[in-house]
There are 2 protein chains.
Amino acid sequence: MASAEAVAALVEAGGAHVPRLMERLEVRLGELAASHGDVLGEHAGATIAAGGKRLRPLLVFLAAGPEPRDEEGVLRAAIAVELIHSATLVHDDVLDGAALRRGRPTVVAAAGRAMATATGDLLFSRAFAELARSGDPEAIRMLSDASSALAEGELMQRADAWDVAVTRERYLARCDLKTARLFEAACRLGALGGAGFPEELGEFGRRIGLAFQLLDDVLDVSGPAERTGKHRGTDLLDGTVTLPLILAREESVELARLDLRSVRTPAAAEAVCEAIAASGVLDEARAQALAMVADAKTGLPDLADAQRAALELVADGVVDRFA
Amino acid sequence: MASAEAVAALVEAGGAHVPRLMERLEVRLGELAASHGDVLGEHAGATIAAGGKRLRPLLVFLAAGPEPRDEEGVLRAAIAVELIHSATLVHDDVLDGAALRRGRPTVVAAAGRAMATATGDLLFSRAFAELARSGDPEAIRMLSDASSALAEGELMQRADAWDVAVTRERYLARCDLKTARLFEAACRLGALGGAGFPEELGEFGRRIGLAFQLLDDVLDVSGPAERTGKHRGTDLLDGTVTLPLILAREESVELARLDLRSVRTPAAAEAVCEAIAASGVLDEARAQALAMVADAKTGLPDLADAQRAALELVADGVVDRFA
């Protein structure tokens, strides 16, 4: 997942249906943005178009396999998970007052908090409208559960902010809610309209989603900024306690005594990142994520070789992205 | 709708099923708040519990009629529309930085913008989860269309802010999106699980929803503050152009020349409200709303007498609330 080339390779490996569906996805997302008049066309449209790696739709397509039973349903599911993901990004940017995302002005920067909040709400609503048109209540249940989990994860993160005594278990529960459950839903939804195994593929998605979040949190500490496009230690400045700090507090008396509220500047956050890295826990955190990816691959059900290979490539891609 | 007594009278008039369903609604909303752990229990729970008149659930129950075909589905629909309504209130309060709603601290005041934004997102998600469990894709389509319309109405309001040249038609389109469509969905959803006539009852809901918004906008100009619990002219301070100003600009050269951005203080807004009232247009705006309510009643389909009488009472209640 490190580059556009790597994604292209993944798309190829998934079989001929994947590039075709990825293309249809872009067309449909574009139509959707255009169908809501100038206001949505401008703001949500920019958000959707700015794109990103479309990792969640890719999971839907790969989980569906090469000959999905219900291709239109699979496509709708991919659109819906991407819209939910986009909605949360728009709302996150409002809260963070972020100026740029993926190199483009955020909705909040371009149009203000009110427009951005409403844009996020609209993207949420359109996600459900999209799935409702596919007519499968089971699919809508999966999406609404994942989307509830996402919001609960966000609530938990804010509730636990500045609390350095957060346990590893509670941290993992938060990552599960805010990241892994939408990965799980993507895979389950794909399986539902495809070759089956919703339970097993859902579990696969959940595990790589958890690994994805862990590695993202490690990267926020390890940097360097050139790779991530942002400064190290943004989580610390936000009061968000992640696995590296949780582990490092067991190794370092200074870090155990740290009051996060005293970390107020990028330079101070950078220094804490150095101390965490020096405590030697980053490799351990990475190893935990890698073990999750290995478990995800081991747990894959009895799939056709090409489908299995493509899913394994995505799992490895999650790791490579942060290598 | 002027008082708790008036609502109680409505509930009575609707038949024995209405108080029973209203009670079940409260129990279920309470369970829902409690089922999401301490964080949701605290914030979304407070929002849901703070209640309000439950006008939209009441419409669901009355549209369903005395012997709903699918009582559980009707109840789920009522919960879902109330959750969508609550979600938008929570997000509105974030944008307005409102301290109180219905006399209680808002989520944003109690817990900050981040928690409040996530709480709103969670309420949205739970609304769809609730309806998904009833298993009717048609119902989910109705809700997601209404919820999309709501966000689009909000976007339109912000896009048109400070523009005094907004036409009556565009104003009505905005009111339709941000208010009437959820009233419509409430009635359609009730009809769907009840005695039928979804089109006609949906149209009834849409018309009284539009009247509701018009009268609310008149009240913001007419005051007095003792009745509305807020100062006159909050819409003006917000840059929101509503029917009274649109009509008054045709009557008064001064108002036609007004630059809304120059209206910066509650006292200045109060003075503009006086000028609008003095132009004599408030009665005309009220008359337009009353005509919509009359149309709504005339357009009611061939229902049992008790059901029709109850729906007519709600329609009149919308008017009385602002009388």
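The values are calculated or read from the model by the stated rules, or taken from the named source; none is laboratory data. Predicted, not measured: the structure shown is a model, and the values here were computed from it. Backbone-built Cβ (ideal geometry, glycine too); neighbour counts: all protein chains shown. With ligands, DNA and RNA removed, areas are computed over all heavy atoms of the protein, side chains included. Shrake-Rupley method; radii C 1.70, N 1.55, O 1.52, S 1.80 Å.
Rounded to the nearest 20 debye, the dipole magnitude of the protein assembly as shown is 600 debye, with +1 charges on Lys and Arg beta carbons, -1 on Asp and Glu beta carbons, and the Cα centre as origin.
Amide H contacts for B:Arg101 (H built 1.01 Å from N in the peptide plane; partners 5 or more residues away or on another chain; cut-off under 5 Å): B:Thr106.
In sequence order, segment A:80-89 has phi-based couplings of 4, 5, 5, 5, 4, 4, 4, 4, 5, 5 Hz under the Karplus curve 6.51 cos²θ - 1.76 cosθ + 1.60, θ = phi - 60°, and Gly or Pro positions carry x. Treating r as the C-beta distance of A:Arg24 and A:Ala109 and R0 as 22 Å, the FRET efficiency rounds to 0.10. By definition, a body whose alpha carbon gyration tensor gives a ≥ b ≥ c is oblate when a/c is 1.5 or more and a/b is not larger than b/c, and segment A:207-287 fits this oblate description.
Does segment B:281-323 classify as rounded, prolate or oblate by the C-alpha gyration tensor (a ≥ b ≥ c root eigenvalues; a/c under 1.5 gives rounded; else a/b over b/c gives prolate, otherwise oblate)? Oblate shape, in that a/c is at least 1.5 and b/c is the bigger or equal ratio. In order along segment B:185-202, phi translates into HN-Hα couplings of 4, 4, 5, 5, 5, x, 4, 4, x, x, 8, x, 6, x, 4, 5, 5, x Hz, rounded to whole numbers, per the Karplus curve 6.51 cos²θ - 1.76 cosθ + 1.60 with θ = phi - 60° and x for Gly and Pro. Simple rule: put +1 on each Lys or Arg Cβ and -1 on each Asp or Glu Cβ in chain A, find the dipole, and look at A:Ala310, A:Ile48, A:Leu300; the Cα lying farthest toward the positive end is A:Ile48.
Determine the distance separating the Cα centre of segment B:106-153 from the Cα centre of segment A:14-36; give it in Å without decimals. Comparing the Cα centres of segment B:106-153 and segment A:14-36, I get a distance of 26 Å. Taken one residue at a time, the phi angles of segment B:172-183 give Karplus couplings (6.51, -1.76, 1.60, θ = phi - 60°) of 5, 4, 5, 4, 4, 5, 7, 10, 5, 5, 6, 4 Hz. Gly and Pro are set to x.
Putting +1 on Lys and Arg Cβ atoms and -1 on Asp and Glu Cβ atoms, find which of B:Ala271, A:Gly280, A:Leu122 reaches farthest to the positive end of the dipole of the protein assembly as shown. Projecting each Cα onto the dipole axis, the largest value belongs to B:Ala271. Helix B:137-159 and the long axis of chain B differ in direction by around 10°, with both axes built from C-alpha atoms. Pairs exceeding a 23 Å alpha-carbon distance, out of A:Lys178/B:Lys53; A:Lys53/A:Lys297; A:Lys53/B:Lys178: A:Lys178/B:Lys53; A:Lys53/B:Lys178. Relative contact order of segment B:221-307: 31 percent, from C-alpha pairs under 8 Å at least 6 residues apart in sequence. Projecting label points 7 angstrom from Cα along Cα→Cβ for B:Glu284 and B:Asp96 puts them 2.8 nm apart.
Amide hydrogen proximity for A:Trp162: with H placed 1.01 Å from N in the peptide plane, the residues at 5 or more positions away or on another chain lying under 5 Å are A:Thr240, A:Val241.
Relative contact order of chain A: 21 percent, from C-alpha pairs under 8 Å at least 6 residues apart in sequence. Interface area, chains A and B: about 3400 Å² of buried accessible surface, summed, with a 1.4 Å probe and ligands, DNA and RNA left out. Each Cα pair under 8 Å and six or more residues apart adds its separation to the average, and for segment B:120-183 the resulting relative contact order is 37 percent.
Note on A:Arg170 and A:Ala291: their simple-model spin labels are 2.2 nm apart, each label 7 Å out from Cα toward Cβ.
Between the C-alpha center of segment B:163-220 and that of segment B:248-272 there is a gap of 28 Å.
Please work out the FRET efficiency for the pair B:Glu250 and A:Ala268, using the Cβ-Cβ distance as r and a Förster radius of 56 Å; give the result to the nearest 0.05.
0.40
Once the Cα atoms of helix B:266-278 and of chain B are each reduced to a long axis, what angle between those two axes, in degrees from 0 to 90 to the nearest 10, is obtained? Orientation of helix B:266-278: about 90 degrees from the principal axis. In the complete set of protein chains, residue-level accessible area for A:Glu199 is approximately 120 Å², probe 1.4 angstrom.
Apply 1/(1 + (r/R0)^6) to the Cβ-Cβ distance of A:Asp302 and B:Trp162, taking R0 = 60 Å, and write down the FRET efficiency to the nearest 0.05.
Values: r = 62 Å, r/R0 = 1.03.
Efficiency at R0 = 60 Å is approximately 0.45.
Under the rule a/c < 1.5 gives rounded, and otherwise a/b versus b/c splits prolate from oblate, where does chain A land using the Cα gyration tensor? It comes out oblate by the Cα gyration axes.
Would you compute, from DSSP H runs of 4+ residues alone, the mean residue ellipticity of chain B at 222 nm, taking -39500 (n - 2.57) per run and dividing by the full residue count, rounded to the nearest 500?
-24500 deg cm²/dmol
This model, with +1 at the C-beta of Lys and Arg and -1 at the C-beta of Asp and Glu, gives segment B:148-302 a dipole about its Cα centre of some 260 debye. Using the 1.4 Å probe convention, the accessible area of chain A works out to 38 Å² per residue with neighbouring protein chains retained.
Across the accessible surface of the protein assembly as shown, with the other protein chains kept in place and a 1.4 Å probe, carbon and sulfur atoms take up 51 percent.
GNM on chain A, alpha-carbon springs under 10 angstrom: the most fluctuating residue among A:Leu258, A:Leu201, A:Leu55 is A:Leu258.
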